Amino acid sequence: MPVKQRLMNYAGEVESFLRGSLKGRCIPPGLLESMEYSLLAGGKRLRPVLCLCFARMLGAESKSVLGFAASFEFIHTYSLIHDDLPAMDDDDLRRGRPSNHKVFGEAMAILAGDGLLTEAFGLMAQSACGLPSDRVVRAIGVLAHAAGAAGMVGGQALDMAYTAKAGVSLEELREMQALKTGALITAACVCGAELAGAGDDQLLRARSYGQSLGAAFQIVDDVLDVVGDEKTLGKPVGSDEEQGKTTYPALIGVDRSMDLARRHVAQAVESLSPFEGEEAQFLRDLAQYMIDRVS
C-alpha cells in the first residue's frame, strides 16, 4: 500500500477521535464553532500519527495513547490559527479555505487558539490515566517544553525577528526551524516512545528520527512555497518571498535545499535501524515521502 494511503489510514483513527473531542465540555457555542472550524479542517495529522506509530512500534496499544496523540493536533492547530493572524504571517488561506480570523474575526481566532492549547493539556491528563503515571508525567513535560518558549513559540519569535532582516545565516535559520517546526514533530516521536515505556536508546533514536524528519519536512515546505501550487498545498504559494521570510531556498537555492533534505531523510531512516515491524517500515517510508512531496 502506498505510504500516502497508509498515512491517511493512520490519520483516520485520529480524525474519528477529534470529531468528538470537544463535545460536552461546556464551551460557549461561538468559541466551539471557531475551535472546531480549524481543528476539523483536515490535514495530514502528522504529529499525532507519529506519536501513535512510535507507541505501537514499542508495544503500546493505540487506544491507550490515542487521546494523548490527538493533543498534538490541538496544539498544532492553535499554532496555525495564531500564525495566520495579521500580526504574525497575515495569511488569508489555510488548508484550502479562509483562515480562522477571516471567518470569525481576530479576537475569536486568538481565543480559539488559546482554548485549543489549554484543552490539549486537559486531554493529555484525562486520556492517559490508564498508563503508568511516571510515563505520562514525562511525556507531558516533553510536549510542554516543545510547545513553549524554548520550542515552538520561541521559533515563531525568531521567525518574526528574522522576517525582512538581511544577513540571517544558515545556522540561524536551522535553529529557528528546529524550534518552530521540528520541536513539536520531535516531541510527538519521543512522547509516543515514552508512553510505551521505551528505554534510553529507544528514546534517543525516537528523538533523532523526529529531529531529522522535522528538518526535512520544513526544508521541503520551504521548497514547495517556491515550486508548489496553491490548490495542492491548501495555502498561498510564494508568500514566504513576498513577506521577506528567511528560507532554505532563499539562502542556498532549491537544488541544494533538496540535497540537504535528502541527507536528513537518510539520517531519519538510519535512526530506525534496530526496529522491525509494520510501524517501523511505515516510519521509514514516511521519511522518504517528505522528499516525494516535491514532484
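The values are calculated or read from the model by the stated rules, or taken from the named source; none is laboratory data. Keep in mind the model is a prediction, meaning the values are calculated, not measured. Glycine also receives a Cβ, built like all others from the backbone with ideal geometry; neighbour counts cover every protein chain displayed.
Taking the stretch 48-73, which residues are without any contact (Cβ under 8 Å) to a residue 60 or more places away in the chain and surrounded by fewer than 24 Cβ atoms within 10 Å (Cβ to Cβ)?
Across the stretch 48-73, the qualifying residues are GLU61, SER62, LYS63.
Return only the number of the condition from (1) surrounded by fewer than 24 Cβ atoms within 10 Å (Cβ to Cβ); (2) within 19 Å of SER273 (Cα to Cα); (3) of a type in the set (S, T, N, Q) that THR186 does not satisfy.
(1)
So which residues in the stretch 247-294 are outside any helix (DSSP H, G or I), surrounded by fewer than 19 Cβ atoms within 10 Å (Cβ to Cβ) and not β-branched (Val, Ile, Thr), if there are any at all?
Of all residues in the stretch 247-294, those outside any helix (DSSP H, G or I) come to 247, 272-277, 293-294.
So of that shortlist, the ones also surrounded by fewer than 19 Cβ atoms within 10 Å (Cβ to Cβ) come out as 273-277, 293-294.
Of everything in the stretch 247-294, those that are outside any helix (DSSP H, G or I), surrounded by fewer than 19 Cβ atoms within 10 Å (Cβ to Cβ) and not β-branched (Val, Ile, Thr) turn out to be SER273, PRO274, PHE275, GLU276, GLY277, ARG293.
Which of the residues belonging to the stretch 151-184 are within 16 Å of the chain's Cα centre (by Cα) and part of a loop (DSSP other than H, G, I, E, B)?
To start, the set of residues in the stretch 151-184 that are within 16 Å of the chain's Cα centre (by Cα) comprises 151-156, 176-184.
Within the stretch 151-184, GLY151 is the sole residue that qualifies.
Only one of these is small (Gly, Ala, Ser) and either at positive phi or touching a strand residue (DSSP E or B) at 6+ places or on another chain (Cβ under 9 Å) (or both): ALA164, ALA178. Name it.
On the way: ALA178 fails: either at positive phi or touching a strand residue (DSSP E or B) at 6+ places or on another chain (Cβ under 9 Å) (or both).
Answer to the check: ALA164.
With the checklist (1) in a helix (DSSP H, G or I); (2) farther than 23 Å from SER133 by Cα in hand, flag the one item PHE54 doesn't pass.
(2)
Would you check if LEU131 is at pLDDT below 95 and in contact with a helix residue (DSSP H, G or I) (Cβ under 9 Å, 6 or more places away or on another chain)? Steps first, please.
Values: at pLDDT below 95: yes; in contact with a helix residue (DSSP H, G or I) (Cβ under 9 Å, 6 or more places away or on another chain): yes.
Considered against the rule, which asks whether it is at pLDDT below 95 and in contact with a helix residue (DSSP H, G or I) (Cβ under 9 Å, 6 or more places away or on another chain), LEU131 comes out as yes.
Among (1) closer than 28 Å to THR163 by Cα; (2) in contact (Cβ under 8 Å) with a residue 60 or more places away in the chain; (3) not hydroxyl-bearing (Ser, Thr, Tyr), there is one condition PRO98 misses while meeting the rest; what is its number?
Of everything listed in (1) closer than 28 Å to THR163 by Cα; (2) in contact (Cβ under 8 Å) with a residue 60 or more places away in the chain; (3) not hydroxyl-bearing (Ser, Thr, Tyr), PRO98 misses just condition (2).
With the checklist (1) out of contact with any strand residue (DSSP E or B) (no Cβ under 7 Å at 6 or more places or on another chain); (2) surrounded by fewer than 16 Cβ atoms within 10 Å (Cβ to Cβ) in hand, flag the one item ASP92 doesn't pass.
ASP92 satisfies every listed condition except (1).
Could you grab the pairs with beta carbons closer than 9 Å, sequence gap of 6+ or different chains, first residue in the stretch 189-206 and part of a helix (DSSP H, G or I), second one buried (at least 24 other Cβ atoms within 10 Å of the Cβ) and of a type in the set (D, E, K, R)?
Listed by first residue and then by second, the contacts come to LEU203/GLU194; ALA206/GLU194.
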